[in-house]
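Take a look at the structure below.
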Amino acid sequence: MEAILKIDNLRVEYRSREMGQGIKVALNGLNLSVSQGEVFGFLGPNGAGKTTTMNVLLGFVNATRGRACLFGTDVRKPIARQRIGYLPELTYYYKFLTAEELLRFYARIFRIPNPERESRIDAVLKLVELADARTRQIKTYSKGMQQRAGLAQALINNPDLLILDEPTSGLDPIGRMKVREIIQRLRSEGKTVFFSSHELGEVETVCDRVAILSQGELKAEGRVSDIVKQHQCDLEQAFLRIIGYSTPSLQ
């Protein structure tokens, strides 16, 4: 299948702000390939390099070495950003706006024509189950509703690739379930979803394949079912083994 996202030998270094620390390596020799229509989970403990990788893909950070491509084009070159939807881990919207006002703002950024704009807003609000709350100000939304509003803005341009950084962070079980249902629906539409998460139960349910990072290096990659079978345990326990975590002794 066509590789929508491809990373070859990616290395990212940055100068530490801590006195005497010098250069730190955020990513070291990362290789990944994500095919069209896949739901791909990008896993790792805090500081593993997940957000750095996403920032490289989105053009926010330049790699020190290696190459990253979206739709077959190096991310350092002009690419069709209209084909990408992005939801950062921490979102901030003008909370005096309503959901439909927020989406009109993003629709204008993507230069979606007026006749298509309103129908697109209707479609994404229905998808994220906010149609009944479309005229309410975002400041009145629950955490889960605000996260779904963020998903709506990431979907307003009908992207082929969706990049989500911790989309279920801070959500209750119902909120996580709703986000999971949205991701599954996007998969059925042939969208490619690349997302990081600490909710390994959700990942095990929705992902076709996963990659596990630790300290900037790829430790494992493959189908969820294969990783679980190899380690003879659920994904959470397999993840802990792969990153080398051992339970502290109580003695």
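The values are calculated or read from the model by the stated rules, or taken from the named source; none is laboratory data. Just so it is clear, the model here is predicted, and its values are computed rather than measured. In this analysis, Cβ positions are derived from the backbone assuming ideal geometry, glycine residues included, and neighbour counts consider all displayed protein chains. All accessible areas refer to the heavy atoms of the entire protein, side chains included, with ligands and DNA or RNA removed. Shrake-Rupley method; radii C 1.70, N 1.55, O 1.52, S 1.80 Å.
Per residue, what accessible area does the stretch 4-150 have, given a 1.4 Å probe and all protein chains present, in Å²?
The answer is 54 Å² per residue.
Apply the Karplus parameterisation 6.51 cos²θ - 1.76 cosθ + 1.60, with θ equal to phi minus 60°, to every residue of the stretch 168-184 and state each ³J(HN,Hα) to the nearest whole Hz, in sequence, with x for glycine and proline.
9, 4, x, 8, 7, x, 5, x, 5, 4, 5, 5, 4, 5, 5, 4, 5
Run the helix sum for the chain: -39,500 (n - 2.57) per DSSP H stretch of 4+ residues, divided by residue count, reported at 222 nm to the nearest 500 deg cm²/dmol.
After summing the helix terms and dividing by residue count, I get -10000 deg cm²/dmol.
In the stretch 62-101, what trypsin sites (Lys or Arg not before Pro) fall in a loop by DSSP, with at most 15 other Cβ atoms inside 10 Å?
For trypsin sites (Lys or Arg not before Pro) across the stretch 62-101 that sit outside H, G, I, E and B with at most 15 neighbouring Cβ atoms in 10 Å, the list reads R76, K95.
Kindly identify the stretch 117-185 as rounded, prolate or oblate by the Cα gyration tensor criterion: order the square roots of the eigenvalues as a ≥ b ≥ c, call it rounded if a/c is under 1.5, otherwise compare a/b with b/c, prolate if a/b is larger, else oblate.
Here the stretch 117-185 falls in the oblate category.
Gain in length, K143 to R76, computed as 0.36 nm per residue apart minus the alpha-carbon separation, to one decimal in nm?
Between K143 and R76, full extension yields an extra 20.7 nm.
Quick check for me: using +1 on Lys/Arg Cβ and -1 on Asp/Glu Cβ, what's the dipole size of the chain about its Cα centre, in debye to the nearest 20?
Computed about the Cα centre, the dipole is about 720 debye.
Cα centroids of the stretch 192-251 and the stretch 125-151: how far apart, whole angstrom?
The stretch 192-251 and the stretch 125-151 have Cα centres spaced 31 Å from each other.
Within the stretch 161-239, which GluC sites (Glu not before Pro) sit in a loop by DSSP and count at most 12 neighbouring Cβ atoms inside 10 Å?
When the GluC sites (Glu not before Pro) of the stretch 161-239 are filtered for loop state and at most 12 Cβ neighbours within 10 Å, E189 remain.
By how many nm would the segment from E2 to Y92 lengthen if fully extended, with 0.36 nm per residue of separation less the alpha-carbon distance? Walk me through the numbers on the way to the answer.
Details: separation 90, 0.36 × 90 = 32.40 nm, distance 3.40 nm.
This chain segment gains 29.0 nm when fully extended.
Of the accessible area of the stretch 35-160, with the probe set at 1.4 angstrom, what percent is carbon plus sulfur? Intermediate values should be presented prior to the final figure.
Values: 3070 of 6270 Å².
That share works out to 49 percent.
Mind checking which aspartates and glutamates have their C-alpha under 15 Å from K50, skipping anything on the same chain fewer than 8 residues away?
Filter leaves E13, E89, D165, E166, E199, E217, E221.
Please list, ordered by chain and number, the residues whose modelled amide H lies under 5 Å from the amide H of E13; skip anything fewer than 5 residues away on the same chain.
Under 5 Å from the amide H of E13 lie the amide H atoms of A26, T64, each far enough along the sequence or on another chain.
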